[in-house]
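A.B. asks: Questions regarding the structure given below will be posed in turn.
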Amino acid sequence: MLFRVSALFRFMAKFRSPKKRLLIIKTDAIGDYILFRNFLEVIKNSESYSDYQIDLLGNEAYKDIAITYDAAFINTLTFIKPYNLYESPLQTLKLGWQLFKRNYQLVLQPAYTRLLINDGLAALAAAKQIIGFAGDNEGIKEKYKIKTDKFYTQLLPLPTDIYFEFDRTKFFFKTVLQQKIDLNAPYTPVHNTTKQGIVIFTGAGISKRSWEKEKFLELIKLIQTHSQQPIYLAGAVSEIETAQYLSTNLPPGSVNDLTYKTTLPQLVQLIASATLVISNETSAVHIAAATQTPCVCILGGGHFGRFAPYPQQMGHKPTCVYKKMECFNCNWNCIFETQPHEPYPCISIISVENVWAAVQEILAMHKSGA
C-alpha cells in the first residue's frame, strides 16, 4: 500500500499548486524529541519559512511535552504510534489521505535512522519537496530503503565527523534553511526552583539496557547513609515492579515512589527541581541536560556517542559511567548470549562503586555550592 498508493497520490499532486505549508515527521522516542524540539522555534522564525503553516507528525509518547512547550511553534499537531501502523493498513491509509489533503509544499524528516512507515507517510503526503537524511539501515531493511530513497527529492549525506544526535539535527536544519544556527545544546524552559532531592530512573525502555535492580538498591542505601536528600523513584509503567522491589527492601517511607504517577510535564519539572538525576540511558538523561540538572548516566555501548556521552564542548552534560568494550556501537545487536532477565554485558559490567563515585562527586559539589 505504501508504495502503490503513494505513487497514485504523487501523480494526483501534479495537478495542484501546493500551499505554504510544511510538515515535519518526528515519530521517535521522548529523548529524541528533547534533542530535537528547540529546532521547531528555529524553523518557525527562519527567513525561509516564517510565513508557512508548520505541522508536526509526532509520537504519542511525547505528546504532552510537545503541547506544553512547543504549541506556539506548530500549527497542527498529529500524534501516532508508528509501529502500530504496520498492522493497521486502513488507519495508515486514512492518515495518508489526511496528509495528502493538506497539500504540503515541503515535508522534512530529520531523523537519521528512518523507518519504512515514516518514509511511506512522507510519500503519501505527496509534497513538492521531501527532504531527509540518506540514513542507514538500522530502522529499515535495505530492500525497502532502496525503494523509499526514491520518495525523496533530496537526501542529505551526513559528514563523518558528526555523530551526536543533537548535532545531526542541527546539521539537517542548517542545511535545509541555509543559515547559521546558534543552538549548541538542548534547552527546556522550567519554573525557577530550588534544587533539592535525588531522582532515580531504573528503566531504559528495554529491560536488557537497564542496570540491575539489586545494584540500584545498594546504591540507594549508600546515598541514604551519606546524604539527607530525599529520594524519588520515577519512570514508566514498566518500572513499577522494580520500584516496588526497592520500596519493599528499604525502610518504610525512605523513598518517594512516583513511578507512573506523573504526567510528562510534571516529570520535566521534577527533574528540573532535583539536585541530581541517576538514570540508565533514557529520556531522563536528556531532560536533565535540557533543564541543566546534574545527572549520572549508567551507559551501555549500543549507541555509544550518538546519544551519550555528550560532546565535551556541551555545557550541563551528564556524567556518564561506563566500561568500554571492543563491541561498542553494536546498535544493540548484542554478540553475547544472555538470559532473558539479564542486562547486556556492557550494562552489567558497571559496578555500584563506579556509579557511587560519580554520585559522590556531584553531591560534594552541590554541598559546597560549586
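A.B. asks: Given the options Ile67, Ile80, Ile74, name the one that is under 27 Å from Met1 (Cα atoms) and without any contact (Cβ under 8 Å) to a residue 60 or more places away in the chain.
C.D. replies: Details: Ile67 fails: under 27 Å from Met1 (Cα atoms); Ile74 fails: under 27 Å from Met1 (Cα atoms).
When all the criteria are applied, what remains is Ile80.
A.B. asks: Now for a different question. Which of the numbered conditions does Ser207 fail, given that it passes all the others? Conditions: (1) within 22 Å of the chain's Cα centre (by Cα); (2) outside the structural domain of Thr338 (by TED's automatic domain parsing).
C.D. replies: With respect to (1) within 22 Å of the chain's Cα centre (by Cα); (2) outside the structural domain of Thr338 (by TED's automatic domain parsing), Ser207 is out only on (2).
A.B. asks: Hey, among the residues in the range 346-362 that are assigned to a helix (DSSP H, G or I) and free of Cβ contacts under 8 Å to residues at least 40 places away in the same chain, which one's surrounded by the fewest Cβ atoms within 10 Å (Cβ to Cβ)?
C.D. replies: Glu353
A.B. asks: State whether one or more residues within the range 61-77 are under 13 Å from Lys26 (Cα atoms) and in a strand (DSSP E or B).
C.D. replies: Within the range 61-77, one or more residues are under 13 Å from Lys26 (Cα atoms) and in a strand (DSSP E or B).
A.B. asks: Among the residues of the range 1-16, what is the count of those that are in contact (Cβ under 8 Å) with a residue 24 or more places away in the chain and either outside any helix (DSSP H, G or I) or under 22 Å from Glu47 (Cα atoms) (or both)?
C.D. replies: Residues meeting the conditions: 2.
A.B. asks: Which residue, of Leu267, Leu246, is surrounded by 16 or more Cβ atoms within 10 Å (Cβ to Cβ), out of contact with any His (no Cβ under 6 Å at 6 or more places or on another chain), closer than 18 Å to Arg37 by Cβ and without any contact (Cβ under 8 Å) to a residue 60 or more places away in the chain?
C.D. replies: After ruling out the rest, the residue left standing is Leu267.
A.B. asks: Residues that are of a type in the set (S, T, N, Q), surrounded by 22 or more Cβ atoms within 10 Å (Cβ to Cβ) and in a strand (DSSP E or B): does the range 123-131 have at least one?
C.D. replies: Looking through the range 123-131, none of the residues is of a type in the set (S, T, N, Q), surrounded by 22 or more Cβ atoms within 10 Å (Cβ to Cβ) and in a strand (DSSP E or B).
A.B. asks: Still on this structure, please answer the following. Any chance the range 219-228 includes a residue that's closer than 30 Å to Tyr86 by Cα and either exposed (fewer than 14 other Cβ atoms within 10 Å of the Cβ) or assigned by TED's automatic domain parsing to the domain that holds Glu342 (or both)?
C.D. replies: Scanning the range 219-228 turns up no residue that is closer than 30 Å to Tyr86 by Cα and either exposed (fewer than 14 other Cβ atoms within 10 Å of the Cβ) or assigned by TED's automatic domain parsing to the domain that holds Glu342 (or both).
A.B. asks: Further, regarding this structure: Can you tell me which residue among Leu35, Leu56 is on the phi < 0 side of the Ramachandran plot, assigned to a strand (DSSP E or B) and in contact (Cβ under 8 Å) with a residue 12 or more places away in the chain?
C.D. replies: Result of the check over Leu35, Leu56: Leu56.
A.B. asks: Looking at the range 141-167, which of its residues are farther than 22 Å from Gly31 by Cβ and of a type in the set (Asp, Glu)?
C.D. replies: Within the range 141-167, Glu142, Asp149, Asp161 qualify.
A.B. asks: Given the criteria in a loop (DSSP other than H, G, I, E, B), assigned by TED's automatic domain parsing to the domain that holds Gly205, touching a helix residue (DSSP H, G or I) at 6+ places or on another chain (Cβ under 8 Å) and buried (at least 18 other Cβ atoms within 10 Å of the Cβ), does Thr259 qualify?
C.D. replies: It is true that Thr259 is in a loop (DSSP other than H, G, I, E, B), assigned by TED's automatic domain parsing to the domain that holds Gly205, touching a helix residue (DSSP H, G or I) at 6+ places or on another chain (Cβ under 8 Å) and buried (at least 18 other Cβ atoms within 10 Å of the Cβ).
A.B. asks: Let me ask something additional. Looking for something at pLDDT 95 or above and on the phi > 0 side of the Ramachandran plot - is there at least one such residue anywhere in the range 352-363?
C.D. replies: No.
A.B. asks: Report yes if Leu93 is in contact with a helix residue (DSSP H, G or I) (Cβ under 7 Å, 6 or more places away or on another chain) and surrounded by fewer than 21 Cβ atoms within 10 Å (Cβ to Cβ), otherwise no.
C.D. replies: Working: in contact with a helix residue (DSSP H, G or I) (Cβ under 7 Å, 6 or more places away or on another chain): yes; surrounded by fewer than 21 Cβ atoms within 10 Å (Cβ to Cβ): yes.
The answer is yes for Leu93.
The values are calculated or read from the model by the stated rules, or taken from the named source; none is laboratory data. Because the structure is predicted, anything quoted here is derived from the model rather than measured. Every residue, glycine among them, receives a Cβ derived from its backbone with ideal geometry; neighbour counts consider all protein chains shown.
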